[in-house]
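The values are calculated or read from the model by the stated rules, or taken from the named source; none is laboratory data. As the structure is a prediction and not an experimental result, all values here were calculated from the model. Here the Cβ is made from the backbone with ideal geometry for all residues, glycine too, and neighbour counts use every protein chain on show.
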Amino acid sequence: MTKLRSLVEETRCAMLLVYHLRRANGDKGQEQGKEISLSMLRGSHSIAQISDAVIALERDQQAEDPTLANTTTVRVLKNRYAGETGVSAYLLYDKDTGRLKEIENPLESDNQSDVEDFL
């Protein structure tokens with residue numbers, strides 16, 4: 001990770017890494033929408049320490065409601081420069097077009113009309 005960080009600093013380019021998570025302990029795993037944290041990153045903790053930003057994508061694949069099953073929560077776990085973390089967006093996947101559309105929180109009942117218009 002240190003060598004990758006050095007390469008980024010030397011070339012002044014951005015580097016995106018896709019990283020796997022540890023298996024969840026307990027009754028609810030990531031495929032069931034468990035909230036992701038920095039401690040779930042697999043391997044050494046250097047990813048969380050060296051990165052400028054860490055962004056997690058969460059989705060409850062097992063949800064019975066098709067809207068919830070096709071909605072991805074975008075959560076900022078680390079933001080070195082601005083410091084703002086937490087949920088930043090909800091993205092609904094349209095199987096017909098293969099596109100994602102940003103929607104309001106699908107768990108709030110007053111936002112269901114936005115979702116129904118999209119589907």
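Applying a threshold of 9 Å to beta carbon distances and a minimum spacing of six or more residues, or different chains, the list of pairs starting in the range 1-24 at a residue that is under 12 Å from Leu41 (Cβ atoms) and ending at one that is charged (D, E, K, R) reads Tyr19/Arg42; His20/Arg42; Leu21/Arg42; Arg22/Arg42.
Answer with yes or no whether Ser51 is small (Gly, Ala, Ser) and touching a Ser or Thr at 6+ places or on another chain (Cβ under 8 Å). It is false that Ser51 is small (Gly, Ala, Ser) and touching a Ser or Thr at 6+ places or on another chain (Cβ under 8 Å).
Taking the range 1-96 and the helices (runs of 4 or more DSSP H) fully enclosed by it, the elements with 1 or more residues that are more than 18 Å from the chain's Cα centre (by Cα), modelled with pLDDT of 90 or more and under 20 Å from Glu108 (Cβ atoms) are at 66-69.
Residue under question is Arg99, and the condition is that it be surrounded by fewer than 14 Cβ atoms within 10 Å (Cβ to Cβ) and at pLDDT 95 or above; does it hold? Considered against the rule, which asks whether it is surrounded by fewer than 14 Cβ atoms within 10 Å (Cβ to Cβ) and at pLDDT 95 or above, Arg99 comes out as yes.
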